[in-house]
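One structure is given below, encoded as structure tokens.
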Amino acid sequence: MRLSPETLASLPAEVARPLYDRDAQAVGIVHFGIGAFHRAHQAWYTDAALNLDNGNLGERDWAITGVSLRSPGVARQMNPQGGLYTVAEQSGEGSALRIIGAVRNVLVASEEPDAVIAAVAAPTTHIISLTVTEKGYCRTASGDLDFEQAHSLSFYYFVTQALLRRRNAGLPGVTLLPCDNLADNGAKLHALMGQYLARHEPDLVAWFEANCTCPSTMIDRIVPATTDEDRAGIAQALGGLQDEACVVTEPFSQWVIEDKFAGPRPKWEAVGAQLVADVAPYETAKLRMLNGAHSALAYCGLKAGHTYVHEAVADPALHHLAETLMRHEAAPTITPAPNQNLAAYADALIARFANPALNHRLIQIAMDGSQKIPQRWLETLAENAAQGRNCPAILQAIAAWLHHLTGANGPVDDPLAEKLTAIVNRNPNPHDAATALFTGNGPLAGTWQPTPADLETLTAACTGVQTAA
Ligand code: CS2
């Protein structure tokens, strides 16, 4: 038996569930990229807003239509369950289960493109949110739109077709809400969408500028990929009901949103989100400290033979590396918001990484390094260099990334994999590999200017020689 609206009533009493009338809610949000992260984060906040006051006085008409661009996997998991799924919050202290009811259905864009356009163009839709991963924005190394990648199966295409319909029908614009780990994600999306429109629908540019907004957001929750073992454990806790769409996450969650909406939005601030004028200090701290340390633990941890984040951070040498990167390299580049305490943030991050109940695979974090390291490491390096400071921890992490690119941890999963692997394998000396990657016509040229001292530290790190901090 599957979890579904029909079987919901038979769940054990301790499993929390939607308190509002799901069928009475109009779809207000269309979300592109409905993976585990969206289900444990934005959909979870939206469900909590619908649940407010025991569901009696909660927000209304914010059901979500999820969109997968290509893979039918999530639609096959969720649609037979009427969109219902479990969020399991797990820590050393135990586990808490809640059934989320905010997602109405999932569309697969490659199979039903018109339905996707119709959903975005519907009069009840006000927000188009995105978790398409860093590479889903289809950028060149210099940050412009890569028109070759942004073809007819990208969110740019579907949003554009729907905006045309909205304009022609005299409907209001929408808020485009990016929820991916890019610095200044709202301004970036705004610029990229503008480039797409200027090329494909130039007449729509002025309407887009006047009627749509792209707030920046900082999103934070650690959500490892769900495993068969997770699904089996959750089925047991659901009294035997099978949930193919369940997600496992940590108790912690944070969402900081720039308050710049084109139209209505759910009262997310009533359920823990922060609506602020400037997301930058939160976002910079999150990208450079959390994600920066995560990627360092991933590449250095894999090199040291570990599998999970909690194992890597329990290794004294890697613990020291993560601490150094966060406290001595990233934190000094961040101007904190009032009440933002970066030392306490680093303490909390170490504790979150150590969560023994989350089997967060290092290889999952190691994916798509070329898309991640500019905002996680390279901006930190550049800002420290401008102040005359070295970053031995980040350079050690880059050395481990070069090692990863040789295929040492298995096939490299990165949109630039072929080029990157060819370069590191042609240049066994890390000095030459970094020069070929980051300078001249290299695939990452412009993202970092390694100094001679950087290259020396890198070479020493690759050969395992300790360098002075
Ligand atoms: C991770 C992130 O996979 C990765 O690259 O660093 O997904 C991380 O878990 C989240 O950003 C935490 O909010």
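Residues in segment 240-257 that are within 16 Å of the ligand (Cβ to nearest atom) and open to solvent by 40 Å² or more (accessible area, probe 1.4 Å) were compared, and the one that is nearest to Gly186 (Cα to Cα) is Phe252. Take segment 40-51 and flag every residue that is open to solvent by 10 Å² or more (accessible area, probe 1.4 Å) and in contact with a Gly (Cβ under 9 Å, 6 or more places away or on another chain). The answer is Ala48, Asn51. Of all residues in segment 52-78, those being surrounded by 15 or more Cβ atoms within 10 Å (Cβ to Cβ) and either under 23 Å from the mean Cα position of the chain (by Cα) or in a strand (DSSP E or B) (or both) number 12. Based on this model, can you work out whether Thr227 counts as within 16 Å of the ligand (Cβ to nearest atom) and more than 19 Å from Leu349 (Cα to Cα)? Answer is yes for this residue. Within segment 326-342, being more than 30 Å from Val247 (Cα to Cα) and part of a helix (DSSP H, G or I) holds for Arg327, His328, Glu329, Ala330, Ala331, Pro332, Thr333. In the set (1) buried (at least 21 other Cβ atoms within 10 Å of the Cβ); (2) within 16 Å of the ligand (Cβ to nearest atom), the condition left unmet by Pro266 is number (2). Once segment 289-301 is narrowed to residues that are more than 7 Å from the ligand (Cβ to nearest atom) and of a type outside the set (Phe, Trp, Tyr), the residue that is nearest to Met326 (Cα to Cα) is Met289.
Residues are listed down the side, and each one gets a yes or a no for (1) more than 24 Å from Pro266 (Cα to Cα); (2) of a type in the set (Val, Ile, Thr):
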residue	(1), (2)
Ala121	no, no
Thr125	no, yes
Arg139	yes, no
Gly143	yes, no
Ala150	yes, no
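Of Leu197, Leu182, Leu177, all but one fail to be more than 22 Å from Asn291 (Cβ to Cβ), touching a residue at least 24 places away in the same chain (Cβ under 8 Å) and surrounded by 20 or more Cβ atoms within 10 Å (Cβ to Cβ); the exception is Leu197. The residues on offer are Ile398, Ile423, Ile394, and the sole one that is under 18 Å from Ile365 (Cα atoms), in contact with a Gly (Cβ under 9 Å, 6 or more places away or on another chain) and among the β-branched types (Val, Ile, Thr) is Ile394. Checked against the criterion of being within 13 Å of the ligand (Cβ to nearest atom), touching a strand residue (DSSP E or B) at 6+ places or on another chain (Cβ under 9 Å) and not β-branched (Val, Ile, Thr), the candidates Lys260, Lys286 yield just one match: Lys286. Checking the stated criteria, Ala235 turns out not to satisfy the condition of being in a helix (DSSP H, G or I), within 13 Å of the ligand (Cβ to nearest atom) and open to solvent by less than 30 Å² (accessible area, probe 1.4 Å).
Within 11 Å of the ligand (Cβ to nearest atom), modelled with pLDDT of 95 or more and not in a helix (DSSP H, G or I): is that true of Leu358 in this structure? When the stated conditions are applied, Leu358 passes them.
The values are calculated or read from the model by the stated rules, or taken from the named source; none is laboratory data. Keep in mind it's a predicted model, so treat the numbers as computed, not measured. Ideal geometry is used to build each Cβ from the backbone, glycine not excepted, and the neighbour counts take in all protein chains shown. Note: accessible area is taken over every heavy atom of the protein model, side chains too, but ligands, DNA and RNA are not part of it. Shrake-Rupley method; radii C 1.70, N 1.55, O 1.52, S 1.80 Å.
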